[in-house]
Structure formats: structure tokens, C-alpha cells
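The values are calculated or read from the model by the stated rules, or taken from the named source; none is laboratory data. Quick caveat: nothing in here was measured; it's all calculated off a predicted structure. A quick note on method: Cβ atoms are made from the backbone with ideal geometry, for glycine too, and the neighbour counts reach across all protein chains shown.
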Amino acid sequence: MKKKIVFMSSMLVVLALMISVSSCKKKTETTAFNVTAITAGTIDLNGATSATGVPVNPFIEAVFTTSVNAASAANAVTLVRDYDTATIEITVTVAGNIVTVVPKANLSGGSLYALSFSSALTSTDGQNLDGFKRTFTTTGTFVPDGLVAYYTFESTAADMMNHYNPMVGGVIDLTYAPSFTTGAGMAAKFNGTTSLVEIPKGDSLMLTTDFTLTFWVKADSTKHGQFVMGLAGWYGFQFEMGDDYSWCKMAAQYSTGATSSASQDLFFNGKEKIADWKGYTFCKDLTNTGGVRFLIASKWTNITCRFNAGTKIATMYINGEKMKEQDYNLYDAPMTEANGLRYNGAPGNKQLVFGFIQDKNDPTIADDWAKYENQSNKHFKGLLDNVRVFHKALTEKEIQMMYDSEKP
């Protein structure tokens, strides 16, 4: 009988110890330090797929399971732009279990970003976060840095950068029509005979080494040949489409020394071979797909022309795709010395014009075919939109991203 009592007593002691240990464990348990939600306004950034349509000025809130150590947050949160891996400056604040992230400047439109929280982030009870990354894409059109002039033609010919606005009385017979997408709004409509936009100080647009011109155009092919825009013709720069739309080109004056310059055409006809000229390094073959006409006649087309002074390479892109490349290192002198663009027109004619090759009042080119008053000349007939000038050589990725973010 005593043995049985002793055994039962022993069991009770063991049971008591187990209860005591279990009770102690519950008292020392802590809530795991994890994120439960990440939002930018009403947009979920913590979903299974990458979020889209995030505003360029987002107010991001990350909610955690427990209070966050504010001192650990400053260096534990980063925001990186994907296409160029640029780290974005942000303000990070902590209130209890909520971390707020706000960019110090607007983000780029139509761009992918990565928001990261590293293991350096800790809770107030000393736990380290299991680091994670979430991606999202901003709303709107992607436009790289370096923009110096921008014409949206939203029922106005004003420069959105407010640097190169039309002169007083310099918007002639211009109307507006719906553009290539609803998002693009309105476009400038040129009548093919008298429509013109005259912009002073055009010569300063060429005070640059690297240069990119990009625009959307819909040329009315009932008009034979088009001068879409020009700054004293090739004495500045001009963009032209051929009579039968089988070619297009940007002619420009390039700086080749302290005071010297030379004119050169970035010419594309979709059928040249690299062997046609020693300086041609690429020419897209369009002979089996309708030629250049198929791309530019009576349809919305995005055209980008770029010059990189460091490489001395000029490139043309159509609808985001490289079409022509010319390496001036391989040309004859003086183009081998090309180190930027330079205006070399008449002193009085410094107007960039949309709708013709040169200004009507102070023409640099005296030939009859370049006279504004002759309405049978190659005045532009069609629609023009989103003209952008950069004092930088956009990368191929930037050009593609800009096209993709606003294409129909």
C-alpha cells in the first residue's frame, strides 16, 4: 500500500513539474516579427504578383506583427529603380508597428521599382526581420532624366519644361486632334501648306555633346514628302520623310573642333547593306516587310534619333527598335572628330520650327524648295505629338521603355 501511495505521489510531482514548465514557456513566448501588409494608398504591394499603377508620389505603409525599433529602420529600407539600379532617396518613419516610406522626389512614370526591407530591421523586443523585397510599377509614361524641351500639344504649343516656348505670333494655322491613344490626349495638326510653330533660341538646343530627339508622328501620305521639323535645315537639324516614304532622315550639324562643324545625315531606307558605306554599322532590312513606307506612311510612328559623343555613334530607332546606326569614327574627316552638335546657320535664324525645314522670316537656305511661302513645298501634313529633346544619349533600354509605356 505504501508503494502505491509513493508511486502516485511521484506521478503528481512529475505532472506538476510539466505544468510548471509549460506555464513558463507560455510566459516567455514572443510574437514572430513579420510583415502583414504593405500598401501604397489603396494598392496592395504585398500580393502574390508585382503591383502596377502605383502613383509616382506614393505614400507607402508597411504593417508588422509587432512594434518596430525606429533606430534600425533608417538603413534597413531601400527603394531601387530597376532599369538603371538607381537608389531613390526616401524618408522612413516608424510609429509602433507601422513603417512609412515616402520618396523625396517623384518617381519615374511607367517604371519598375524594388522596395526592400533587410534583416537589419529589428523589433522593439530584439528580433531581426527575415528580409524581403517587393516590386511595383508606377503609373504613366516613362520619361528618362535629361529632358530639356517637351511638347505635349494638349491644345497648346507650349514647352512643358517652360524653356522653349513659341514666339509671339509664332503659332500659325495650327489645330489640334485626338492623338495616338486616349492617354496621349491631343496632338498638333498641320495642314500641309501654312501650319507652323516657331520657337526662338533653337540654337541653344544644340549646345550639347550628347543629344536625343524623340517624337510621335502620323504623316498624311497624300502629301509627297514631308519636312516634319527643322532648325535652319542641316545648318542646325531637321527631320524629313522622302517623297515616296521609302526613307527618312535626321540631318544635323556636328561640332568637329573648337570652331568647326560638318553636316551629316542619319539616313535610313531599310535596304542598305553595311558594306554600302564604311561607317554603317547597322541597317535593319525591311525589304520583305513593306519597307520604310510601311512604318511611317499614314500611321502613328515613334521616331528617336540619338548621338553619343563619347562613342561618336548616331542611331535611329523606329517604334522602339534600332533601325540604323552610323559610327563616325569610321567616316572620312572631319566627321571622325565629331564631339557634339553645333548650330551653324544664319545669325538671325535661330528658330526651331515644327511643320517645315526652316523659319519663314529668316531663312538660311535660299533654294526655292525651302521657301515657306511656296505652299507646294514639303510642308508637313499630318499629326505630331510628344516631341522631346534630351541633352543626353538615351540608352537603348530607356528608348524601349519610353516607347512601351505609351505605345497604342
query: For the range 173-224, which residues satisfy the criterion of being in contact (Cβ under 8 Å) with a residue 40 or more places away in the chain and of a type in the set (Val, Ile, Thr)?
result: Thr181, Thr193, Thr194, Val197, Ile199, Thr208, Thr209, Thr212, Thr214, Val217, Thr222
statement: For the range 142-157, the count of residues that are surrounded by fewer than 17 Cβ atoms within 10 Å (Cβ to Cβ) and either free of Cβ contacts under 8 Å to residues at least 60 places away in the same chain or among the polar types (S, T, N, Q) (or both) equals 3
- prompt: Of Gly257, Gly290, Gly279, which residue is over 23 Å from the mean Cα position of the chain (by Cα) and over 25 Å from Glu337 (Cα atoms)?
  reply: Gly290
query: Can Gly110 be described as closer than 19 Å to Thr52 by Cα, modelled with pLDDT under 95 and not hydroxyl-bearing (Ser, Thr, Tyr)?
result: yes
task: Select from the range 263-306 the residues that are within 24 Å of Gly230 (Cβ to Cβ), among the hydroxyl-bearing types (Ser, Thr, Tyr) and in a loop (DSSP other than H, G, I, E, B) and list them in ascending order.
output: Ser298
message: Within the range 44-81, take every residue that is under 18 Å from Thr139 (Cα atoms) and charged (D, E, K, R) and give me the one that is farthest from the chain's Cα centre (by Cα).
response: Asp44
message: Based on this model, can you work out whether Asp362 counts as in contact (Cβ under 8 Å) with a residue 12 or more places away in the chain, surrounded by fewer than 17 Cβ atoms within 10 Å (Cβ to Cβ) and either farther than 19 Å from Gln238 by Cβ or in contact with a helix residue (DSSP H, G or I) (Cβ under 9 Å, 6 or more places away or on another chain) (or both)?
response: no
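Of all residues being aliphatic (A, V, I, L, M) and under 31 Å from the mean Cα position of the chain (by Cα) in the range 322-350, which is surrounded by the fewest Cβ atoms within 10 Å (Cβ to Cβ)? Just the residue, please. It would help to see each step written out before you state the result.
Going through the range 322-350, the residues aliphatic (A, V, I, L, M) turn out to be 323, 330, 333, 335, 338, 341, 346.
Narrowing the set further to residues that are under 31 Å from the mean Cα position of the chain (by Cα) leaves 323, 330, 335, 338, 341.
Details: Met323: 22, Leu330: 15, Met335: 20, Ala338: 25, Leu341: 23.
Filtering first and then ranking leaves Leu330.
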